[in-house]
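Contents: one structure, followed by commentary.
Nothing in this text is a laboratory measurement; each read-out follows from the coordinates by a stated rule. All values reported here derive from a predicted model rather than from experimental measurement. So basically every Cβ, Gly included, is an ideal-geometry build from the backbone, and we count neighbours across all protein chains shown.
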Amino acid sequence: MSLDNNKVKEIAYLARLSIENSELEQSTKELNNILSLMDQLGEIDTGDAEPMAHPLEMSQRLRDDQVTEDDLSEEFQEIAPKTGNNHFLVPTVIE
Amino acid sequence: MMHNLTIAEQIKGLKSRDFSSLELTEHYLSRIDDSELNAFISVTSEQALTQAKMADSILAKGNASGLTGIPYAHKDIFCTKGVKTSAGSKMLDSFISPYDATLSEKLNSQNMVMLGKTNMDEFAMGSSNENSYYGSVKNPWDTKKVPGGSSGGSAAAVASRISPFATGTDTGGSIRQPASLCGITGLKPTYGRISRYGMIAYASSLDQAGPMTRTAEDSAIILNAMAGFDERDSTSANKSVPDYTKNLSKSLKGLKIGLPKEYFSEGLDKGVERVIIQAIKDYEAMGAEIIEVSLPNSMNAIPAYYIVAPCECSSNLSRFDGVRYGYRCDDPKDLNDLYLRSRSEGFGDEVKRRIMIGAYALSAGYYDAYYLKAQKVRQLISEDFKKAFKEVDVIMGPVSPTPAFELGSIKDSVSMYLADIYTLSVNLAGLPGMSIPAGFSDNLPIGLQLIGNHWSEELLLNTAHQFQLKTDWHNASPVD
């Protein structure tokens, strides 16, 4: 599979990244290089192998649904780019 | 000189008052000050001196824990409360962590002294340390060469003796490869052995922390302090921690060592091959039995890893959105603009490439062909090891196909990825692996890789320690 410039722009947007038009050609070339490596997967006969999501075949541990963390909201707000009234502020979404 | 002592020797020196933790700490801080390797992103001198004084008062009372007062360097991927934690990225250049990683807490609770935070490839993505926002680290053996990556700052710091040990993380070789290229001992434990809480995530099913030291004995001492179950990490293994120093002196007579024939094929540098073969002969002379094994899916580790890791990274790194912490672009015109520009300006090129590869591989219509297929290949790789470990105790081979390469010499991503060939499978299978100094080629250190079955860290450390009793490579130093 090979990507064209438009597809690369689309993928970048999916990942919320933007690519300058001046860099687009180069990015497409690099991504296609990597894709040709990834496409080697298609040639491997995996038979009926089970997909492996976890290296130790462990199941997810559960815990009681109780609050265990201290309230650190002040500390977390202190390092935020912009806050107000105990909220993280972003540009206006709804007028 | 104090910096030539191992941690085991420094512990004795502190206990018998040959020197104080403050003297030791000041000595290392002045060496860091004189170093031109760019191994550190932040040096935390003031905090280190305070910690050292406190350690000295605990030592004076006589009830100190083993590691009290020992200085160390912390990879800048571990959150440290009140101290900048950048992960080598512009995205987190302003991030002062409001909490400690479990590993930071554990080392603090031993009253150790943190000298600073080490340089690394951005978000641990890289094999040369050239992807750091803070500039490349130089290899202490030849400053025109790379130190390896992603834990390149940690490896260079330990090799140049500006820190007695350093923490590292290994997602596809990031402890073992820089350890090999800088001539130190690096251990990547079994997945789940050391808590990942507060360790900035790259690929969660592969990431694992470990010690980077000069000797295997030191790695055992440090692993004792690092390992253990953690409630706060859902993939942490609830498994007791043995004393890793206990079995170091066991004889290797009858140890079965597997040599995967796939690890000695084309692409392996002749100088590296010569060193590895000689090391295997040394093991044979110690009474080990050498058996050829096959890991037929070895070469498939590259495409499998470079799907699994980018997919997990594109998901993990979606948290960096410019809203709650980290970099935010100037004057965003709306929310979407804030996301797009904060991420595009905050991330470096390689990180963006991997996020995009992951986003593509996980997007509708491609999931089966890429992510699911890669997970099946991962299963095959894991089964290869299972079969091999029915016949042998330890698998050995090279860590890196070449010695350290010139800074700036590898320009395209794919060539860089191919150099990870011998380290990736270990992470995909969740196994423990080590790199130990085994010789030199063109005056550059070469590491021997030791791979064990799950939870066999004791055996790996024993196997490494016995080699270090018989050889002197781990004592070779690039500095006086």
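In bins 5 Å wide, starting from 0, what share of all Cα pairs of region B:381-480 does each bin hold, as a percent?
Percent of Cα pairs in each bin: 2, 11, 19, 20, 18, 15, 10, 4, 1, 0.
In debye, nearest 20, what is the charge dipole magnitude of the protein assembly as shown about its Cα centre with +1 on Lys and Arg Cβ and -1 on Asp and Glu Cβ, if you could check? All intermediate terms of the calculation are to be shown ahead of the outcome.
Working: 55 positive and 76 negative charges, 213 e Å.
Computed about the Cα centre, the dipole is about 1020 debye.
For chain B, what is the calculated [θ] at 222 nm in deg cm²/dmol (nearest 500), taking -39500 (n - 2.57) for each run of four or more DSSP H residues and dividing by its residue count?
Details: 15 runs with 177 residues, N = 480.
So the calculated ellipticity at 222 nm is -11500 deg cm²/dmol.
Assuming a viscosity of 0.692 mPa s and a temperature of 37 °C, what translational diffusion coefficient in µm² per second does Stokes-Einstein assign to the protein assembly as shown, Rh being the Kirkwood radius over Cα pairs? Present the calculation step by step, with values, prior to reporting the outcome.
On the way: Rh = 24.1 Å.
Once the numbers are plugged in, D ends up at 136 µm²/s.
Based on a Kirkwood Rh over C-alpha pairs, give the Stokes-Einstein translational diffusion coefficient of region B:2-248 at 10 °C and viscosity 1.306 mPa s in µm²/s. Numbers along the way, then the final one.
Working: Rh = 17.4 Å.
Answer, rounded: 91 µm²/s.
How would A:S73, B:S477 line up from fewest to most surrounding beta-carbon atoms within 10 angstrom? Could you put the intermediate results ahead of the total?
On the way: A:S73 10, B:S477 15.
So the ranking, lowest neighbour count to highest, is A:S73, B:S477.
Roughly what angle does helix A:5-14 make with the longest principal axis of chain A, taking Cα atoms, 0 to 90 degrees, to the nearest 10?
30 degrees
Restricting everything to alpha-carbon atoms, can you work out Rg to Rh for region B:135-258 with a Kirkwood hydrodynamic radius? Each step should come with its number before you reach the end.
Numbers: Rg = 15.2 Å, Rh = 15.3 Å.
Here the Rg-to-Rh quotient is 1.00.
Would you order A:T92, B:T50, B:T190 from fewest to most other beta-carbon atoms within 10 Å of each residue's own beta-carbon? Don't skip to the answer; put the middle values down first.
Values: A:T92 8, B:T50 13, B:T190 26.
Taking fewest neighbouring Cβ atoms as first place, the list is A:T92, B:T50, B:T190.
With every atom except the alpha carbons ignored, what do you get for Rg and Dmax of chain A, in angstroms?
When restricted to the Cα atoms of chain A, Rg and Dmax are 22.4, 57 Å.
Using a Förster distance of 22 Å, how high is the FRET efficiency between B:Y367 and A:N5, based on the Cβ-Cβ distance and rounded to 0.05? Could you put the intermediate results ahead of the total?
Details: r = 24 Å, r/R0 = 1.07.
For B:Y367 and A:N5, the calculated efficiency is 0.40.
How far is helix A:21-38 tilted off the main Cα axis of chain A, in degrees rounded to 10, range 0 to 90?
70 degrees
For B:V83, which sequence-distant residues (separation of 5 or more, or a different chain) have an amide H within less than 5 Å of its own amide H, given hydrogens modelled in the peptide plane?
Hits under the 5 Å cutoff: B:S97.
Describe numerically, in nm with one decimal, the distance between label points set 7 Å from Cα along Cα→Cβ at B:S57 and at B:M1.
3.2 nm
Apply 1/(1 + (r/R0)^6) to the Cβ-Cβ distance of A:K82 and A:D39, taking R0 = 45 Å, and write down the FRET efficiency to the nearest 0.05. All intermediate terms of the calculation are to be shown ahead of the outcome.
Details: r = 43 Å, r/R0 = 0.96.
Taking R0 as 45 Å, the efficiency between A:K82 and A:D39 is 0.55.
As a check on your grasp of the helix formula, calculate [θ] at 222 nm for chain A: sum -39500 (n - 2.57) over DSSP H runs of n ≥ 4, divide by the residue count, round to the nearest 500.
Working: 3 runs with 34 residues, N = 95.
Roughly -11000 deg cm²/dmol at 222 nm, from the helical runs in chain A.
Per q in 0.18 1/Å, what log10 I(q)/I(0) does a Debye calculation on the alpha-carbon atoms of region B:292-362 return?
Those come out to -0.72, one per q.
For region B:423-468, just say rounded, prolate or oblate: build the C-alpha gyration tensor, square-root its eigenvalues into a ≥ b ≥ c, call rounded for a/c under 1.5, and beyond that prolate if a/b exceeds b/c, oblate if not. Please list the in-between numbers first.
Values: a/c = 5.07, a/b = 1.48, b/c = 3.43.
Taking the square roots of the gyration eigenvalues as a ≥ b ≥ c, region B:423-468 is oblate.
With both partners inside the protein assembly as shown, how many of the DSSP beta bridges are antiparallel, as a percent to the nearest 5? List each step's numbers first, then the result.
Details: 32 of 45 bridges.
In the protein assembly as shown, approximately 70 percent of DSSP beta bridges are antiparallel ones.
Gain in length, B:H27 to B:L418, computed as 0.36 nm per residue apart minus the alpha-carbon separation, to one decimal in nm?
Working: separation 391, 0.36 × 391 = 140.76 nm, distance 3.99 nm.
Stretched out fully, the B:H27 to B:L418 stretch lengthens by 136.8 nm.
Using Cβ counts within 10 Å as a stand-in for footprinting exposure, how do B:M434, A:M52 rank, fewest first?
Taking fewest neighbouring Cβ atoms as first place, the list is A:M52, B:M434.
Could you work out the equivalent-ellipsoid semi-axes for chain B, taking the square root of 5 times each eigenvalue of the Cα gyration tensor, largest first, in whole Å?
Values: eigenvalues 191, 176, 82 Å².
Working from the Cα gyration tensor, I get semi-axes of 31, 30, 20 Å.
From the C-alpha gyration tensor of region B:172-326, pull out the three semi-axes of the equivalent ellipsoid (sqrt of 5λ each), sorted largest to smallest, in whole Å.
Working: eigenvalues 205, 104, 42 Å².
So the equivalent ellipsoid measures 32, 23, 14 Å along its semi-axes.
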